[in-house]
1. Would you be able to tell me the number of residues in region 115-140 that are surrounded by 17 or more Cβ atoms within 10 Å (Cβ to Cβ) and either under 13 Å from the mean Cα position of the chain (by Cα) or free of Cβ contacts under 8 Å to residues at least 60 places away in the same chain (or both)?
2. Can you find a residue that is outside any loop (DSSP other than H, G, I, E, B) and closer than 22 Å to residue 85 by Cα anywhere in region 156-164?
3. On the given criteria, is residue 66 farther than 20 Å from residue 141 by Cβ, free of Cβ contacts under 8 Å to residues at least 40 places away in the same chain and in contact with a helix residue (DSSP H, G or I) (Cβ under 8 Å, 6 or more places away or on another chain)?
């Protein structure tokens, strides 16, 4: 089987249902943004379970009749709570960055936030499973905490940002 089919050469792609839609549609935008976050987590490595969840979410957005359990969001919440107990409390915003892995995790968080915004944009047009939106919201929080944990373990001080009126 060839990787290229030439079917998308005119700017359309196919969903699971067989519908051909424009590659600039909000649906493809949301799927593509979830894919970006998924690919970046591959760069960071160690997040295979989450990557599989994101593949499932992309498939659901493309029309696959798959289930996505709210248990996955609850699992992220438990992990966030564990991290919250070991990390120093925050009193101010911090600049994203730190160690290489910490910075990559912060970047992954922003990609997941973008994916979340893209999925929210779909809510005005079509029905989206609420579990997907909740998961993306929790995932960005989880990645934020993982970035903080990574920097904490490496002894890298978080750079605080404070509003300055100049």
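1. Final tally of qualifying residues: 13.
2. yes
3. The answer is yes for residue 66.
All of the numbers you see were taken from the coordinates with simple rules; none came from a lab. Since this is a predicted model, take the numbers as computed values, not measurements. All Cβ positions, even for glycine, are placed from backbone atoms using ideal geometry, and neighbour counts span all protein chains on display.
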